[in-house]
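Enquirer: Just passing along the structure, written as structure tokens.
The values are calculated or read from the model by the stated rules, or taken from the named source; none is laboratory data. This one's a predicted model, so the numbers in the text were calculated from it and none came from an experiment. Neighbour counts run over all protein chains shown; Cβ positions are idealised from the backbone, glycine included.
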Amino acid sequence: MWKVLVLALIGLLVVVFGFSLIDVTNGVGDVDADAVLIELEDDITGFARAIEPYAWAFPRDHGAHPEFQTEWWYYTGNLADESGRRFGFQFTIFRRALTPESYESHSEWRTNQVYLAHFTVSDIETGAFYHDERYARGGAGIAGATTDPRYRLWLENWEVVALNDDATQLAMRAGTEHMGIDFTLEQIKPPALQGDNGLSPKSDEPGNASYYYSLSRLLAGGTITVNGEAHQVSGTAWMDHEFSTSALGSEALGWDWFSLQLDDNRELMLGQIRMIGGGRETAFGGLLIEQDGSTRYLSSNDFTIEATGSWTSPHTGATYPSGWEFAVDTGDETLNLTATPLMDDQELQTDISIYWEGAIRIAGDATGYGYAELTGYANEMTGRF
């Protein structure tokens, strides 16, 4: 859920690299070569802010919210083939508005929106971790997010497409030379609103928050391909969607974030913003999603996260926590869980940021699988946007 910081530099990258970031050969068709990209502005004046609880409507709010500066759609999942061979995946598309205003133009290329996608596959049996990224302008139909006439999220030929009007059934497709996914996803619980009816604070400062919901249990099935070998797989996936115009506090160093899908059909989102001087930001909490889809907000006092080990990346030299213990006060019980990475090396080294994002196994008072995201270990997040 915390990838919003990555987007701070996207606009600058597109301004610097220009057309080299755009491939117009992927079915886009003829476009006007008169391209204009609006330059990045640091001032957030004019953008909408996350101040009060939001009036949600679905499937409308699966689409883009361009009045906010930053937005992302984040899918992860744990799947296995018939033999029990396990895989993890991440598919995320980010949007960044360079200005609060859009402009009419005769050019299909003119846009104030920039998109970035991250795609990973974890092959647990072999220990191989595959990752790739793409950039694009939001113009000329190359990338975007819409619900008209149905939900569609895409960057070139990496896409998520609704198969029905209420977007509870989806198709997801992405591929590179070494990896590919072709899934169907079925939503079986309603959107879980994080924070206060979807208003998720990141500090005590008003506006330093996001609008945030999760689809915490998606039934997933289809094909994962690694190095030309296709595997029929099934399992569960998790989707987060967040939009905001905000920043972490000046003392925030990074974050640890977890999506936990328990075998008893409950889910947990747990996270902590780590501070430069030690400790964590108390304004940010978590969420328990019950079997029937009802939710319980978890304040930062309702759970603890303790690292049980560490792993040092041979690629970057960064040391990450590797293994955790959670104690969660659910209101009815204290749930004691442990989480262990399914493989150590799930570190992304992207053009903009270095972070660990990977599949984990859950044990203790409940079992299951999930995903973890760890930032601020290879490079500090302070002042990124």
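Enquirer: In the list Ala307, Ala318, Ala378, Ala359, which residue meets the criterion of being in contact with a Leu (Cβ under 8 Å, 6 or more places away or on another chain) and of a type in the set (Gly, Ala, Ser)?
Expert: Ala359
Enquirer: Okay, next question. Please determine, by comparing only the residues of segment 336-377 that are of a type in the set (Gly, Ala, Ser) and over 15 Å from Gly323 (Cα atoms), which one is surrounded by the fewest Cβ atoms within 10 Å (Cβ to Cβ).
Expert: So the residue we want is Ala366.
Enquirer: Given the residues Ile289, Ile276, Ile360, Ile352, which is the only one that is of a type in the set (Val, Ile, Thr), closer than 26 Å to Ser246 by Cβ and modelled with pLDDT of 95 or more?
Expert: Of Ile289, Ile276, Ile360, Ile352, the one residue that is of a type in the set (Val, Ile, Thr), closer than 26 Å to Ser246 by Cβ and modelled with pLDDT of 95 or more is Ile289.
Enquirer: Do you know which residues across segment 291-309 are surrounded by 14 or more Cβ atoms within 10 Å (Cβ to Cβ) and either under 25 Å from Thr340 (Cβ atoms) or of a type in the set (A, V, I, L, M) (or both)?
Expert: Leu298, Ser300, Asp302, Phe303, Thr304, Ile305
Enquirer: While we're looking at this one, here's another question. Taking into account only those residues within segment 221-245 that are surrounded by fewer than 23 Cβ atoms within 10 Å (Cβ to Cβ) and of a type in the set (Gly, Ala, Ser), which is farthest from Ala80 (Cα to Cα)?
Expert: Gly228
Enquirer: Could I ask something else about it? Could you tell me how many of the residues in segment 182-194 are crowded, with 22+ Cβ neighbours inside 10 Å and more than 17 Å from the chain's Cα centre (by Cα)?
Expert: 1
Enquirer: Which of the residues spanning segment 320-333 are surrounded by fewer than 12 Cβ atoms within 10 Å (Cβ to Cβ) and touching a strand residue (DSSP E or B) at 6+ places or on another chain (Cβ under 9 Å)?
Expert: Residue satisfying the conditions is Gly331 alone.
Enquirer: Taking segment 77-114 as the region of interest, how many residues are in contact (Cβ under 8 Å) with a residue 12 or more places away in the chain and within 21 Å of Asp182 (Cβ to Cβ)?
Expert: Going through segment 77-114 one residue at a time, the tally reaches 15.
Enquirer: Scanning segment 110-148 for residues that are among the polar types (S, T, N, Q) and part of a strand (DSSP E or B), which turns out surrounded by the fewest Cβ atoms within 10 Å (Cβ to Cβ)?
Expert: Once the filter is applied, the top-ranked residue is Thr146.
Enquirer: Within segment 54-109, can you find the residues that are among the polar types (S, T, N, Q), outside any strand (DSSP E or B) and either loosely packed, with under 15 Cβ neighbours inside 10 Å or out of contact with any Ser or Thr (no Cβ under 6 Å at 6 or more places or on another chain) (or both)?
Expert: Ser83, Thr99, Ser102, Ser105, Ser107
Residue-wise test of (1) of a type outside the set (Phe, Trp, Tyr); (2) over 20 Å from the mean Cα position of the chain (by Cα); (3) under 18 Å from Leu253 (Cα atoms); (4) surrounded by 14 or more Cβ atoms within 10 Å (Cβ to Cβ).
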position: Gly279; (1), (2), (3), (4): yes, yes, yes, no
position: Leu287; (1), (2), (3), (4): yes, no, no, yes
position: Ser313; (1), (2), (3), (4): yes, yes, no, yes
position: Ala318; (1), (2), (3), (4): yes, yes, yes, yes
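Enquirer: If I filter segment 118-125 for residues that are β-branched (Val, Ile, Thr), over 18 Å from the mean Cα position of the chain (by Cα) and modelled with pLDDT of 95 or more, do I get at least one hit?
Expert: Checked segment 118-125: at least one residue is β-branched (Val, Ile, Thr), over 18 Å from the mean Cα position of the chain (by Cα) and modelled with pLDDT of 95 or more.
Enquirer: Can I ask one more? So in segment 339-372, with the set limited to residues that are under 23 Å from Val328 (Cα atoms) and of a type in the set (Phe, Trp, Tyr), which one is nearest to the chain's Cα centre (by Cα)?
Expert: Restricting to residues being under 23 Å from Val328 (Cα atoms) and of a type in the set (Phe, Trp, Tyr), the top hit is Tyr371.
Enquirer: Moving on to the next point. Any residue in segment 159-172 that is surrounded by 16 or more Cβ atoms within 10 Å (Cβ to Cβ) and part of a loop (DSSP other than H, G, I, E, B)?
Expert: yes
Enquirer: I'm trying to understand the selection: among the residues of segment 176-198, which are part of a strand (DSSP E or B), in contact with a Phe, Trp or Tyr (Cβ under 7 Å, 6 or more places away or on another chain) and more than 30 Å from Ile51 (Cα to Cα)?
Expert: Met179, Ile181
Enquirer: Among the residues of segment 336-359, write down those that are closer than 23 Å to Thr295 by Cα and touching a residue at least 60 places away in the same chain (Cβ under 8 Å).
Expert: Leu337, Ala339
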